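Here is the structure we will look at.
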Amino acid sequence: MPLVTTTEMFEKAYKGGYAIGAFNVNNMEIVQGITEAAADLSAPLILQVSKGARAYANHTYLIKLVEAALEETGLPIALHLDHGDSFDLCKSCIDGGFTSVMIDASSKSFEDNIALTRQVVEYAHDHGVVVEAELGTLAGIEDEVNVKAEDSSYTRPEDVQEFVERTGCDSLAIAIGTSHGAYKFKPGTKPQLRFDILEDVERRLPGFPIVLHGSSSVPQEFVKMINENGGNMPGAIGVPEDQLRKAASMAVCKINIDSDLRLAMTATIRKYFNEHPEHFDPRQYLKPARTAIKDMVAHKIKDVLGCDGKA
């Protein structure tokens, strides 16, 4: 099966009240863990690559890893550029085989965001590729995306219809209280997503697929494991999974997950080295790390996204 776009995935997800998982990939073990879990649960899948991951692993290597996953699983898989920050980067990914790209011009003015997004949309659609855009800015750090809390802003529902109509984008990432990275909320606070904004956006854009970035839940068992094995992650709190499931039952058709994968992998490797300091074979510590990612993704698919059996 060749790579697919997200168009049909999102149509089914919107009607079915579930979301597709968009998992960031950086190396072979992460790709394997994600795709093995999705194959076991017959779930559609979005594998996404950030600018930083592309620089780290090389575009060609990542493409070949995803092609291997297609051959091994037969799943409907979309390959997506996460947080593209320029027309040239989006064009390079489109020309290089990606089936979906995100142009993130959310830090620009409304008019400049529209202009850059429209430029990417025109090129992408001419090549059969779909485009995700963003309105509103999420706080936090992820690769080269770094937004201070005071510079973040919720999406204005009154802007979304004009933005979508003028840009022609195929999906829209909005800011309703999620944030990038593991440090999303202060200890002792009760995180609460702005479902009133989501409901207003859904009313203004009926049937249109919405995306949530910064949606890792920061599982405390992995935070504890890291801290018990030489790490230092005080007060790491994520987005409650019940709120993500509620969002998936509404207009949200794509939920991005990255930090949770990093936590699972890093915690498992730290624990392994603490228990086996004499080992130096990468296969010995990467194998349990791959299993941890697989288990994490399986949990997300079944208990948060609700897309198991939807491939």
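For residue 88, are the conditions met, namely being modelled with pLDDT under 95 and surrounded by fewer than 18 Cβ atoms within 10 Å (Cβ to Cβ)? No, not satisfied.
Is there any pair with a first residue in segment 278-307 that is farther than 14 Å from residue 23 by Cβ and a second that is crowded, with 22+ Cβ neighbours inside 10 Å and small (Gly, Ala, Ser) whose Cβ atoms are under 6 Å apart and which are 6 or more apart or on different chains, and what are they? Close Cβ pairs satisfying both conditions: 306/248.
Screening residue 260 with (1) open to solvent by less than 50 Å² (accessible area, probe 1.4 Å); (2) in contact (Cβ under 8 Å) with a residue 40 or more places away in the chain; (3) over 30 Å from residue 9 (Cβ atoms) gives one miss only, at (3). With the structure loaded, tell me whether residue 99 is more than 15 Å from residue 32 (Cβ to Cβ) and under 18 Å from the mean Cα position of the chain (by Cα) or whether it fails that test. Considered against the rule, which asks whether it is more than 15 Å from residue 32 (Cβ to Cβ) and under 18 Å from the mean Cα position of the chain (by Cα), residue 99 comes out as yes. Listed conditions (1) open to solvent by 20 Å² or more (accessible area, probe 1.4 Å); (2) in contact (Cβ under 8 Å) with a residue 60 or more places away in the chain; (3) hydrophobic (A, V, I, L, M, F, W, C) are all met by residue 269, apart from (2).
Within segment 91-115, being over 20 Å from residue 49 (Cα atoms) and part of a helix (DSSP H, G or I) holds for 110, 111, 112, 113, 114, 115. When 310, 271 are screened for being assigned to a helix (DSSP H, G or I), among the charged types (D, E, K, R) and farther than 20 Å from residue 24 by Cα, only 271 passes. Within segment 111-127, the set of residues being touching a Leu at 6+ places or on another chain (Cβ under 8 Å) and aromatic (Phe, Trp, Tyr) is empty. I'd like to check something: does segment 57-71 contain any residue that is open to solvent by 30 Å² or more (accessible area, probe 1.4 Å), in contact (Cβ under 8 Å) with a residue 40 or more places away in the chain, more than 23 Å from residue 214 (Cα to Cα) and assigned to a loop (DSSP other than H, G, I, E, B)? Checked segment 57-71: no residue is open to solvent by 30 Å² or more (accessible area, probe 1.4 Å), in contact (Cβ under 8 Å) with a residue 40 or more places away in the chain, more than 23 Å from residue 214 (Cα to Cα) and assigned to a loop (DSSP other than H, G, I, E, B).
Any chance segment 248-259 includes a residue that's assigned to a helix (DSSP H, G or I), within 24 Å of the chain's Cα centre (by Cα) and closer than 18 Å to residue 39 by Cα? No - not one qualifying residue is present in segment 248-259.
Looking across segment 195-224, the residues that are at pLDDT below 95 and open to solvent by 40 Å² or more (accessible area, probe 1.4 Å) come down to 220, 221, 224. For segment 128-167, how many residues meet the condition of being under 19 Å from the mean Cα position of the chain (by Cα), modelled with pLDDT of 65 or more and among the β-branched types (Val, Ile, Thr)? So the answer is 5. For segment 77-88, the tally of residues that are touching a Leu at 6+ places or on another chain (Cβ under 7 Å) and either part of a loop (DSSP other than H, G, I, E, B) or more than 16 Å from residue 46 (Cα to Cα) (or both) stands at 1. The number of residues in segment 198-256 being hydrophobic (A, V, I, L, M, F, W, C) and on the phi > 0 side of the Ramachandran plot comes to 1. Consider residue 70 carefully, then state whether it is at pLDDT 95 or above, in contact with a helix residue (DSSP H, G or I) (Cβ under 9 Å, 6 or more places away or on another chain) and within 16 Å of residue 29 (Cα to Cα). Spelling it out, residue 70 is indeed at pLDDT 95 or above, in contact with a helix residue (DSSP H, G or I) (Cβ under 9 Å, 6 or more places away or on another chain) and within 16 Å of residue 29 (Cα to Cα).
Remark: residue 277 matches the filter, which requires a residue to be farther than 17 Å from residue 31 by Cβ and either assigned to a helix (DSSP H, G or I) or open to solvent by 70 Å² or more (accessible area, probe 1.4 Å) (or both).
Checking each residue in segment 2-20 for being touching a Leu at 6+ places or on another chain (Cβ under 8 Å), modelled with pLDDT of 95 or more and surrounded by fewer than 20 Cβ atoms within 10 Å (Cβ to Cβ) picks out only 3.
The values are calculated or read from the model by the stated rules, or taken from the named source; none is laboratory data. Note that the structure is predicted; figures quoted are calculated from it, not measured. Methodologically, a virtual Cβ is constructed for each residue, glycine included, from the backbone with ideal geometry; neighbour enumeration extends over all protein chains shown. Accessible surface areas use protein heavy atoms only, side chains included; no ligands, DNA or RNA. Shrake-Rupley method; radii C 1.70, N 1.55, O 1.52, S 1.80 Å.
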